[in-house]
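Note sheet for the following structure.
Just so you know, all these numbers are worked out from the coordinates, no wet-lab data involved. Quantities reported herein were computed from a predicted structural model and do not represent experimental measurements. All Cβ positions, glycine included, derive from the backbone under ideal geometry; neighbour counts span all protein chains shown.
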Amino acid sequence: MEVGNIYDCVVDRLNHQGKGICVVDSRVVFVSDCLPGECVKIKIDHVSKKFVSGKVIERLNDSSSRVGVKCPYYSSCGGCDIMHMSYSFQHDFKFNKVKDIIKKFVHEDIKINEVSCDEQFYYRNKATFHVKEGIGFYKDKTYDLINIDKCMICSNEINNVLNILKKMDLSNIESVVVRSSYFDKSVMVIFSVVGGVDENYLVDSLKDNVCSIYIKKDKYKLIYGNEYIIDMIGDKKFVISPDSFFQVNTPMAYKLYSKVKEYAGNLDNSNVLDLYCGTGTIGLFVGGKAIVGVEINESAIHDANINKELNGIDAKFYCGDSGKVLKKLDKNFDVVIVDPPRSGLSELSINEVISVGAKRVVYVSCDPVTLARDLNIFKNYYDIKEISLFDLFPNTHHVESVCLLVKK
Ligand SMILES: C[S@@+](CC[C@H](N)C(=O)[O-])C[C@H]1O[C@@H](n2cnc3c(N)ncnc32)[C@H](O)[C@@H]1O
């Protein structure tokens, strides 16, 4: 099989990234933008020992789960990858993917709840636009720029600012991050610069439409407006600074955090540990008699300390690696909440969490594969009660899981 070869095939099923799986000459070929049961003519575009992929050059029939895609950049943009699926099919895909992964790696019959969802479009509160001979996103797996006028998953506020940026002289600017608040619609713009820029020009061009402008070279420098923008999740306020993690889909973050609170149980008399706490959002949202948060990013910890004051909640935040910090802490916690990055819990973190011996552990995960790997260890000490799924990233293959573990 060689790059450029053309084959007729039928899409058998989907892989976990939402790509169609076709079998050609006994080899598996991954094909974008196709659905099970569709007959397609494909052109091979990559052949290696690891994998073969192809592109659809002709589709002979449409699956009933296919929808017309309104985004003009979908076929080349590296952002969305399952926009051609109906929204209900996207949820079936995400549910089945988590179910398969858990079954394959955890070998237990675990209750998994249907995917909870909200708006399919214009939901993202953060976008990173690249700048070259225009402004936009990179083509899938390349540094080739696609000039874009509008992104169908970014908030209206981000798209309004993009419109202004498109008319500006962006010399010596490599990329622009735009963050928006769902609560008050305020916007922060961060220019990553590679040489000298006219700060007055950047401020004058944007100041009527945004609340905060930074330039970033080695570090962040505020050149206009407020240090932070503020968003709300439920009745709690959170500051967002240029470098801190904040969930990109605010209304869905509320649904997810509410499930964490439900799984954590009554916390009135509980000591709560929020590991990988970011700006302290989950700990401050769920409450507790005493709240402790651990996070590696200094700027997030700075924000977490502002957030506790803003909400009048007493909490203690530690900056450092979760496993190393936890090793030194007095392990008097009734509930532990963990929300690690894609890589999941480190070996040290998981051992330290287990040694806490909390009655409940609530595991928030953005990657079901590392969740399954970690549950395989937890299951020796904890009963895996159930998993709930949340669609924070519609039109992409990603899904968030929240899992309740109760001490055996
Ligand atoms: C998925 S985010 C969750 C943040 C927060 N719980 C929220 O909902 O906004 C993961 C967080 O883990 C932090 N992190 C990454 N590696 C870490 C480590 N080794 N120790 C502690 N925190 C870490 C990241 O900086 C990030 O803020």
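Normalising the average separation of contacting C-alpha pairs (under 8 angstrom, six or more residues apart) by the number of residues puts the relative contact order of the chain at 13 percent. Here the contact order of region 160-238, divided by its residue count and restricted to Cα pairs under 8 Å and six or more residues apart, works out to 28 percent.
Summarising the label geometry, the points placed 7 Å from Cα in the beta-carbon direction at LYS49 and LYS111 lie 4.7 nm from one another. For PRO251, neighbours were defined as the other residues whose beta-carbon sits under 15 Å from its Cβ, and their charges (Lys and Arg +1, Asp and Glu -1) total -2. At a Cβ-Cβ separation cutoff of 4.7 angstrom, cysteine residues of the chain with no neighbouring cysteine are CYS34, CYS39, CYS71, CYS77, CYS80, CYS117, CYS211, CYS277, CYS319, CYS366, CYS403.
Every helix of 4 or more DSSP H residues in the chain counts as -39500 (n - 2.57), and over all residues that averages to -7500 deg cm²/dmol at 222 nm.
Karplus-derived 3J(HN,Hα) values for region 81-92, using 6.51 cos²θ - 1.76 cosθ + 1.60 with θ = phi - 60°, are 9, 10, 5, 7, 8, 4, 5, 5, 5, 4, 6, 4 Hz; glycine and proline are entered as x.
When both region 348-372 and region 22-99 are represented by their alpha-carbon centers, they are found 33 Å apart.
Past 21 Å, Cα to Cα, is the threshold; run LYS150/LYS219; LYS97/LYS139; LYS94/LYS259; LYS50/LYS94; LYS55/LYS139; LYS289/LYS324 against it and keep the listed order. From LYS150/LYS219; LYS97/LYS139; LYS94/LYS259; LYS50/LYS94; LYS55/LYS139; LYS289/LYS324, over 21 Å: LYS150/LYS219; LYS97/LYS139; LYS50/LYS94; LYS289/LYS324.
Run down the aspartates and glutamates and flag those whose C-alpha is under 19 Å from the C-alpha of LYS316, throwing out any fewer than 8 positions away in its chain. Partners found: ASP268, ASP274, GLU295, GLU298, ASP303, ASP330, ASP334, ASP339, GLU352. Over region 88-220, the alpha carbon radius of gyration divided by the compact-protein estimate 2.2 N^0.38 Å works out to 1.37.
Taking 7 Å steps out from each Cα toward its Cβ at ARG342 and ASP169 produces label points 3.8 nm apart. Residues whose amide H lies under 5 Å from that of TYR382, counting only those 5 or more places away or on a different chain, are LYS408; hydrogens are built 1.01 Å from N in the peptide plane.
By the Kirkwood approach, averaging reciprocal distances over each pair of separate Cα atoms, region 113-171 gets a hydrodynamic radius of 12.8 Å. Determine the alpha carbon to alpha carbon distance for each of LYS99/LYS261; LYS19/LYS103; LYS207/LYS261; LYS126/LYS407; LYS141/LYS216 and list only those over 29 Å. Table pairs above 29 Å Cα-Cα are LYS207/LYS261; LYS126/LYS407. When you filter the GluC sites (Glu not before Pro) in region 318-398 for DSSP loop state and at most 14 other Cβ atoms inside 10 Å of their Cβ, nothing is left.
So which chymotrypsin sites (Phe, Trp or Tyr not before Pro) in region 114-169 end up in coil per DSSP with only 13 or fewer other C-beta atoms within 10 Å?
Details: sites: PHE121, TYR122, TYR123, PHE129, PHE137, TYR138, TYR143; in loops: PHE121, TYR122, TYR123, TYR143.
Counting only loop positions with at most 13 other Cβ atoms within 10 Å, the chymotrypsin sites (Phe, Trp or Tyr not before Pro) in region 114-169 are TYR143.
What is the mean projected area of the alpha carbon convex hull for region 6-59, to one decimal in square nanometres? It would help to have the intermediate numbers written out before the result.
On the way: hull surface 13.1 nm².
Over every viewing direction, the Cα hull of region 6-59 projects on average to 3.3 nm².
Based on Cα atoms of the chain, Rg over Rh with Rh as the Kirkwood radius reads 0.99. Charge tally around THR142: other residues with Cβ under 13 Å, Lys/Arg +1 each, Asp/Glu -1 each, net 0.
Here the Kirkwood formula puts the hydrodynamic radius of region 1-154 at 17.3 Å, using every distinct Cα pair. Of the trypsin sites (Lys or Arg not before Pro) in region 174-263, which ones lie in a loop per DSSP and count no more than 11 other C-beta atoms within 10 Å? Filter output for region 174-263: LYS219.
Among beta bridges from DSSP that stay inside the chain, the antiparallel ones total about 65%.
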